[in-house]
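Take a look at the structure below.
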Amino acid sequence: MPILNFRMEARNASGDIVATPETLIEVGPSIPVVITVAEEVQQAYSDRGETPPEPVNGFALIDTGASVTCFDVDAAQKARLPQISVSKMTSATHSNQTVPTFAGTVVCPTFNINVEEGMGANLSAQGNNLVALIGRDLLQSAVLIYNGPDGHFSLSL
């Protein structure tokens, strides 16, 4: 099982790299990712002699409060992820909101996560460059270690 380790860091006035736990508090456990259509969809484009859609870069927030993985609606549409259905979403701010459901792949530094049904959500509205939330549907088979004092987290999925 690959392990992804992230430590929030910055350079101090002396130029030394130091942990910045306050950054982890501010942005949460986020990892750089690319969202793209699944490999078989890319192959279908190639088989037809068409250029597959461009992937979209951004960040995925590891969200233990999200029951399912989500894609930012704008990013999903830009990456041309196929909309496979609609679902009802309940969140801290909305109840029974109808949202699109997309199929796609979240590519991060050490593994690819195929998401068969990711709900659409407005994640990047505050300019945070979030393109996905990694929800409990994927985290159920993961190990997450959150070390707040060190500004560090590890994810094995």
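The values are calculated or read from the model by the stated rules, or taken from the named source; none is laboratory data. Only a predicted model underlies this, so the values are computations on that prediction, with no experimental measurement involved. Glycine also receives a Cβ, built like all others from the backbone with ideal geometry; neighbour counts cover every protein chain displayed. Only protein heavy atoms, including side chains, enter the accessible area calculation; ligands, DNA and RNA are left aside. Shrake-Rupley method; radii C 1.70, N 1.55, O 1.52, S 1.80 Å.
Considering only DSSP beta bridges where both residues belong to the chain, give the percentage that are antiparallel (nearest 5). Roughly 85 percent of the DSSP beta bridges within the chain come out antiparallel. For segment 81-93, putting each phi into the Karplus relation 6.51 cos²θ - 1.76 cosθ + 1.60 with θ = phi - 60° gives couplings of 5, x, 7, 9, 5, 10, 9, 9, 10, 10, 9, 5, 10 Hz, in residue order, rounded to whole numbers and with x for Gly and Pro. In loop segments of segment 10-110 as defined by DSSP, the GluC sites (Glu not before Pro) with at most 13 further C-beta atoms inside 10 Å of their C-beta are Glu50. Database remark: amide H of Ile84 closer than 5 angstrom to the amide H of Thr101, Phe102, Ala103 (H placed geometrically; neighbours at sequence offset of 5 or more, or on other chains; Pro and chain starts carry no H).
Scalar couplings 3J(HN,Hα) for segment 103-120, obtained by applying the Karplus form with A = 6.51, B = -1.76, C = 1.60 to θ = phi - 60°, are 10, x, 10, 9, 9, 10, x, 10, 7, 9, 10, 7, 10, 6, 9, x, 5, x Hz; x denotes Gly and Pro.
For Leu61, the shell of other residues with beta-carbons less than 15 Å away shows a net charge of -3, using +1 for Lys and Arg and -1 for Asp and Glu.
Solvent-accessible area per residue for segment 1-69 at a 1.4 Å probe radius, Å²?
Values: 4140 Å² over 69 residues.
With all protein chains present, segment 1-69 gives 60 Å² per residue.
What whole-number distance in Å separates the alpha-carbon centres of segment 57-116 and segment 1-45? First find each Cα centre; the distance between them is then 18 Å.
If packing is taken as the average count of other Cβ atoms within 10 Å, what order do 77-88, 94-105 fall into, highest mean first? Intermediate results must be reported in sequence, preceding the final value.
Working: 77-88: 15.6, 94-105: 17.1.
Ranked from most to least packed, the peptides come out as 94-105, 77-88.
Solvent-accessible area of the chain (1.4 angstrom probe, protein heavy atoms only): carbon and sulfur portion equals 50 percent.
The mean sequence separation of alpha-carbon pairs under 8 Å and at least six residues apart, normalised by the residue count of segment 43-157, gives a relative contact order of 31 percent. Using θ = phi - 60° in the Karplus curve 6.51 cos²θ - 1.76 cosθ + 1.60, the 3J(HN,Hα) couplings for segment 66-75 round to 8, 6, 10, 5, 10, 10, 5, 4, 4, 5 Hz; x is entered for Gly and Pro.
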